[in-house]
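Novice: Below are the structure tokens for one structure; questions will follow.
The values are calculated or read from the model by the stated rules, or taken from the named source; none is laboratory data. None of the values given here were measured: they were computed from a predicted structure. Quick reminder, even Gly has a Cβ in these numbers, built from the backbone with ideal geometry, and neighbours come from all protein chains shown.
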Amino acid sequence: MSIFLAVVEEGSFAAAARRMEISPPMVTRAVSELESAMGVRLLTRTTRVVRVTEVGERYAADCRRILMDVNESEEAASGSHGAVRGRLVITSSSLFGPMRVAPIVTEYLRRFPDTEVECRYIDRIVNMVEEGVDVAVRIGQLHDSGYHAARVGHVRRVVCASPCYVKQRGAPVTPGDLADHTIVVAAGITPSVDWRFTLGEHTTLVRIRPRLTVSSNEAAIDAAVNGFGITRVVSYMVADQLASGRLVEVLQDHESLQLPIHVMHHEGRHAARKVRAFVDLATQTLRDDPLLR
């Protein structure tokens, strides 16, 4: 089961062999014996990739649970029950991760010296099971099923500009006024962007024609700080700039949709202690963050 799970998580027989510190033929033989004993195909092999079958995915989930139970039993019998050790893989977005998750990771490593952490800060939805991720910190509505998620706070989208820009051009009073302003957006290749605003029960959808389109939120924020125009980003991204006065928020009365923040994992009550310890720390730390309330 351990060898099979290593193949699933590493995506190849050779990588699984290196992880298990055994020869590749041993890995191949172990998987073949499993498939022969059960009479099912667990993996689909090609010359380049190894894919898990539908049956293999279910069996891999069972293997994780069973091996976790075995590991806990062995640790309890050896007197090390309660120890937090092992390698943890976490993911979050490219900005929220370094700004809010990274300090939690370093605190976790300080508390538990027998642990290692790999951080993947990327702006895409990660398939936690397929990519071997233990914990994800996500912003936005959840569409995944089968994951355990704890809501830890929320952020919102804010429209902001520099005080210099507002002094020169004035502040928009209604969302429709944005048509008369220089707009900076962080977006892909689409030439237009729709911004949604809510005032009471009334919702307004404004078609934005950006003067400047950039590929990152950092670049959009820098342009706004330098007085070029108005941008719209998530509140935590500009918390320091708003607090220092380098940016000011406009259209505050027109609310934007709150985006929930969740700490997610996929092991449930069978989660390894290394996962539970990180989830507990992250949940408490993020819930205590005043900028996320």
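Novice: Restricting attention to segment 130-141, report how many residues are surrounded by fewer than 19 Cβ atoms within 10 Å (Cβ to Cβ) and under 21 Å from Arg64 (Cβ atoms).
Specialist: 3
Novice: Any residue at all in segment 262-284 that is touching a residue at least 24 places away in the same chain (Cβ under 8 Å) and under 24 Å from Thr174 (Cβ atoms)?
Specialist: no
Novice: Follow-up question, since we're still on this one. Quick one: which of Ala179, Ala171, Ala219, Ala186 is buried (at least 19 other Cβ atoms within 10 Å of the Cβ), small (Gly, Ala, Ser) and more than 30 Å from Gln284 (Cβ to Cβ)?
Specialist: None of the other options fit; the residue is Ala186.
Novice: What number of residues in segment 1-39 are touching a Pro at 6+ places or on another chain (Cβ under 7 Å) and on the phi > 0 side of the Ramachandran plot?
Specialist: So the answer is 0.
Novice: To continue, here is another question. Considering segment 122-153 alone, what residues qualify as being touching a Leu at 6+ places or on another chain (Cβ under 7 Å), in a loop (DSSP other than H, G, I, E, B) and at positive phi?
Specialist: Scanning segment 122-153 gives a single hit, Gly140.
Novice: Would you confirm whether any residue within segment 229-248 is buried (at least 19 other Cβ atoms within 10 Å of the Cβ), touching a helix residue (DSSP H, G or I) at 6+ places or on another chain (Cβ under 9 Å) and in a loop (DSSP other than H, G, I, E, B)?
Specialist: yes
Novice: Hey, any hits in segment 271-287 for a residue that's under 22 Å from the mean Cα position of the chain (by Cα) and among the acidic types (Asp, Glu)?
Specialist: The answer is yes, given that some residue of segment 271-287 is under 22 Å from the mean Cα position of the chain (by Cα) and among the acidic types (Asp, Glu).
Novice: When you go through Arg51, Arg18, Arg41, Arg58 one by one, which is the residue that is touching a Ser or Thr at 6+ places or on another chain (Cβ under 7 Å), free of Cβ contacts under 8 Å to residues at least 12 places away in the same chain, among the basic types (Lys, Arg) and not assigned by TED's automatic domain parsing to the domain that holds His266?
Specialist: The unique qualifying residue is Arg51.
Novice: Just to be sure I understand the filter: pairs with C-beta atoms under 7 Å, separated by 6 or more residues or on different chains, first member in segment 106-122 and without any contact (Cβ under 8 Å) to a residue 12 or more places away in the chain, second member assigned to a strand (DSSP E or B) and surrounded by 13 or more Cβ atoms within 10 Å (Cβ to Cβ). Which pairs pass?
Specialist: Cβ pairs passing all conditions: Leu109/Thr115; Leu109/Val117.
Novice: For Asn226, all conditions in the list (1) out of contact with any Phe, Trp or Tyr (no Cβ under 7 Å at 6 or more places or on another chain); (2) within 26 Å of Ile122 (Cα to Cα); (3) touching a residue at least 24 places away in the same chain (Cβ under 8 Å) hold save one; what is the number of the exception?
Specialist: Against the list (1) out of contact with any Phe, Trp or Tyr (no Cβ under 7 Å at 6 or more places or on another chain); (2) within 26 Å of Ile122 (Cα to Cα); (3) touching a residue at least 24 places away in the same chain (Cβ under 8 Å), Asn226 comes up short only on (2).
Novice: Which one of the conditions (1) in a helix (DSSP H, G or I); (2) closer than 21 Å to Gly132 by Cβ; (3) of a type outside the set (Gly, Ala, Ser) does Ile22 fail to meet, given that it meets all the rest?
Specialist: Among (1) in a helix (DSSP H, G or I); (2) closer than 21 Å to Gly132 by Cβ; (3) of a type outside the set (Gly, Ala, Ser), the lone unmet condition for Ile22 is (1).
Novice: Let me ask something else about it. Across segment 94-121, which residue is surrounded by the fewest Cβ atoms within 10 Å (Cβ to Cβ) among those that are among the basic types (Lys, Arg) and part of a helix (DSSP H, G or I)?
Specialist: Selected residue: Arg110.
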